[in-house]
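Student: Could you have a look at this structure, given as structure tokens, before my questions?
The values are calculated or read from the model by the stated rules, or taken from the named source; none is laboratory data. In this text the structure is predicted, and so the values were computed from the model without any measurement. Positions of Cβ are backbone-derived with ideal geometry, glycine not excepted, and every protein chain shown enters the neighbour counts.
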Amino acid sequence: MSDKKNTLSLTPFIPFLGAHVSAAGGLYKAIDIGEELGCTTIQIFTANNRQWAFNDLTENEIAPFIEQQKESQITIVISHASYLINLGSPTKMVAARSKKALKAELMRCEQLSIPYLVLHPGSRLESDEETCIKAIATSLQAILEEVPGQCMILLEIMAGQGSSIGSTLEQLAAIQALIHLKKRIGICFDTCHAFAAGYDFTTPESYKDFWNTFDRIIGLEHLKAIHLNDSQKAKGSHVDRHADIGKGAIGIEAFRLIMNDKRFANIPKIIETPLTSLDDHVRNLQVLRKLIV
């Protein structure tokens, strides 16, 4: 394990603010990177997010990760599920492989004491919306029953590209409603996705209206994580293209409102902004920290 340096953190730590970081070379190394960035929460992939198959975790991977986190200021680690997973696929083989992969990822989270696993709900392809939602919920219910524990699966709001499900609050609520294990299903709000899906929260007035709507349809108590990303494309574009904080179509005010919203003080906030080097994460995290008043 590497020494703790915090060499890239140029501002004080802000509780529950962090970034998606690489776990290449060892899961515990993600903790080191998070500390260098001054994060108190991070998001990782626990396996290759572009492959179906991966090896089971060994004790030589699990123990160093848990030990490293305990020794760090990283309070919460979030895992993001593979992009290949589509529980709503009408193709039986894809749906089966997706269920198997998500079950394995949930088991990994339990082994690593990771409390949240973020999931893109799925895509209906040639099937209809209702059928797809039922398929997603049925698989999720089965997986949660097969993998007992504390880790919650968080349904991420989507931009609405193609035939994806989850770009409306109503669709997310419909999936939730069909799952009996309510304590293990939550929501991950992504600013870029929600904006691209057509939701406006860029002014104090629209921000208040949006979260009132969210609370009415889903319930704020189900919000467990936030992805902070600006959007390269306009509101309602249904195009998922992330941008640096304050440099896209969302603008800086929405992020100021989120960072100062006391209701979200204990909710982990993760940036997934464009990344070519860790300096990009440093810059975006600094912008967010400076918004806090």
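Student: Scanning the stretch 166-184 for residues that are over 27 Å from Phe255 (Cβ atoms) and of a type in the set (Val, Ile, Thr), which turns out surrounded by the most Cβ atoms within 10 Å (Cβ to Cβ)? Reasoning before the result, please.
Tutor: Our first condition is that a residue be over 27 Å from Phe255 (Cβ atoms); within the stretch 166-184, this holds for 174-175, 177-184.
Within this subset, residues satisfying the condition of being of a type in the set (Val, Ile, Thr) are 175, 179.
On the way: Ile175: 23, Ile179: 17.
Restricting to residues being over 27 Å from Phe255 (Cβ atoms) and of a type in the set (Val, Ile, Thr), the top hit is Ile175.
Student: Based on what the data block shows, is Ile270 buried (at least 22 other Cβ atoms within 10 Å of the Cβ), outside any loop (DSSP other than H, G, I, E, B) and either at pLDDT 95 or above or of a type in the set (Phe, Trp, Tyr) (or both)? Spell out how you get there, then give the answer.
Tutor: Values: buried (at least 22 other Cβ atoms within 10 Å of the Cβ): yes; outside any loop (DSSP other than H, G, I, E, B): yes; either at pLDDT 95 or above or of a type in the set (Phe, Trp, Tyr) (or both): yes.
Here the answer is yes, as Ile270 does meet what is asked.
Student: Only one of these conditions is not met by Asp215: (1) in contact (Cβ under 8 Å) with a residue 12 or more places away in the chain; (2) closer than 27 Å to Val77 by Cα. Which number is it?
Tutor: Of (1) in contact (Cβ under 8 Å) with a residue 12 or more places away in the chain; (2) closer than 27 Å to Val77 by Cα, only one is false for Asp215: (1).
Student: Output the residues belonging to the stretch 195-249 that are of a type in the set (Lys, Arg), in a helix (DSSP H, G or I) and over 17 Å from Ile157 (Cα atoms). Spell out the reasoning first.
Tutor: Here is the first cut: in the stretch 195-249, the ones of a type in the set (Lys, Arg) are 208, 216, 224, 233, 235, 241, 247.
Of the ones still in play, those that are also in a helix (DSSP H, G or I) are 208, 216.
Selection gives Lys208 alone.
Student: How about the stretch 10-126: which helices (runs of 4 or more DSSP H) wholly inside it have at least 1 residues that are free of Cβ contacts under 8 Å to residues at least 24 places away in the same chain and of a type in the set (Lys, Arg)?
Tutor: Numbers: elements: 28-36, 59-70, 92-111.
Those helices (runs of 4 or more DSSP H) span 59-70, 92-111.
Student: Only one of these conditions is not met by Gly162: (1) assigned to a loop (DSSP other than H, G, I, E, B); (2) touching a helix residue (DSSP H, G or I) at 6+ places or on another chain (Cβ under 6 Å). Which number is it?
Tutor: It fails just one condition, (2).
Student: Let me ask something additional. Before we move on, is Thr191 under 17 Å from Arg256 (Cβ atoms) and of a type outside the set (A, V, I, L, M)? I'd like the intermediate steps shown before the answer.
Tutor: Values: under 17 Å from Arg256 (Cβ atoms): yes; of a type outside the set (A, V, I, L, M): yes.
Answer is yes for this residue.
Student: Restricting to the stretch 273-283, and then to whatever is more than 17 Å from the chain's Cα centre (by Cα) and outside any loop (DSSP other than H, G, I, E, B), can you tell me which residue is surrounded by the fewest Cβ atoms within 10 Å (Cβ to Cβ)? Before you say what the answer is, go through the steps one by one.
Tutor: Kept after step one, since they are more than 17 Å from the chain's Cα centre (by Cα), are these residues of the stretch 273-283: 276-280, 282-283.
Next, only the ones that are outside any loop (DSSP other than H, G, I, E, B) stay: 278-280, 282-283.
Values: Leu278: 16, Asp279: 10, Asp280: 15, Val282: 18, Arg283: 13.
Per the criteria, the residue is Asp279.
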